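Q: Before anything else, here's the structure in question.
Values in this text are rule-based calculations from the coordinates and carry no lab data. These figures come from a predicted structure and were not determined experimentally. When we count neighbours, we look across all protein chains shown, and the Cβ atoms used for this are built from the backbone with ideal geometry, even at glycine.
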């Protein structure tokens, strides 16, 4: 992925996509809107896989099992935040030709750059831990292999997915987008089987509230699993060399197409996240199984409650989510390292290094689900350090030119960053003083 991002010249296998995109930007009469959008579809779907990764499974299942439909509104609000933030990230890479990490390197003093790189590497490792553990758990549940063997299978499978980059961006986009579609179809089937109370779903979608410190802890986990720092850095990199135009009319048109793709991709991710929590609420909380606290328990309990089909659908969605998001997370980590430090290491070396924390967790026997939830809280704490620089750069006319943020956009995104900081501060307080 990193090689594709770094190379602004499309590979021969991508040339047709690039030409179709340029044709669509220049001719608005010959094709319908969906056909014109097709060449632009891909980057937001790759970024969106971060929003339906195994960390989401862990936080949404715990949230739904313990609190029913209470936290659906958190998912809705988080995904609305994600749409705006990913739009700004895409715009930054599209307009400037540099990704967010590269802008940080150019605009901030070196000590700040080093500190941000260390923090984002911790975030990237936390992300990869969740995704790797989820895929390993998926292999264990589906195939009955030990978790360690599932981890090794995950390493091999993600390397194969990452190997698609040598054939150009379009093939990787197609595979990741297909995986997103598979996860969505799995949860559509789960919702059909679970038969939720749609009245309660609607009520809790529009009425925001909490119920004690644990619900706030899970809300922060849901937020961290939904609006993800590494996806913010990644999306700007995915856009910087994919379709390159510099004349203002076509650049604005390209940006509008990307907004449309983000709405579609993030809309699907939002529905999948909501479906996860709704399934857990209707299946576990409403039937007196609110003590379900792990993915493994959820998998085993689904069969007696909903039948074997529900169990296998759940396991398949977890496995696909873990494999795809682990591959994307590794690519994002590479973007972060190259952007902040101009360091480049072979992607397979990074994959081996980032496997280590997950294998340690497996080896010492930590609870995978609780580890997943904790990793998402770590992501939530890293979010301001991605969002604040993004707002700073996209509101500067000397960087963005005519594509600079409107005042309302800057105010709204700044407000989102403030909400995240306040939620995290509250979480620290409730953790230190639980009474």
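Q: Output the peptides 87-94, 335-342 sorted from most to least packed, where packing is the average of other Cβ atoms within 10 Å over each peptide's residues. Don't jump to the answer; show the numbers that get you there.
A: Details: 87-94: 25.1, 335-342: 20.5.
Ranking the peptides 87-94, 335-342 by packing returns 87-94, 335-342.
Q: Follow-up question, since we're still on this one. Using alpha carbons only, how many degrees (0 to 90, rounded to 10) separate the axis of helix 347-364 from the longest principal axis of the chain?
A: Taking the Cα atoms of the chain, the angle to 347-364 is about 20 degrees.
Q: What order, most packed first, do the peptides 194-201, 354-361, 128-135 have when packing is the mean number of other Cβ atoms within 10 Å of each residue?
A: Working: 194-201: 14.8, 354-361: 18.8, 128-135: 30.1.
Descending packing order for the listed peptides: 128-135, 354-361, 194-201.
Q: Between residue 402 and residue 209, how many nm apart are label points set 7 Å from Cα along the C-beta direction?
A: Taking the two extended label points, one gets 5.0 nm.
Q: With everything on Cα atoms, drop me the angle between helix 248-283 and the longest principal axis of the chain, reported from 0 to 90° to the nearest 10.
A: Compared with the principal axis, the helix lies near 0 degrees.
Q: For helix 147-162, report the angle its Cα long axis makes with the longest principal axis of the Cα atoms of the chain; keep it between 0 and 90° and round to the nearest 10°.
A: Compared with the principal axis, the helix lies near 20 degrees.
Q: Sort 118-127, 63-72 by the packing proxy (mean of other Cβ within 10 Å over each peptide's residues), most packed first. Please report the intermediate quantities before stating the final value.
A: On the way: 118-127: 21.4, 63-72: 25.9.
The most tightly packed comes first, giving 63-72, 118-127.
Q: Now a separate question. Label residue 348 and residue 412 with points 7 Å out from Cα along Cα→Cβ: what is the distance between them in nm?
A: Spacing of the two 7 Å Cα→Cβ label points: 4.5 nm.
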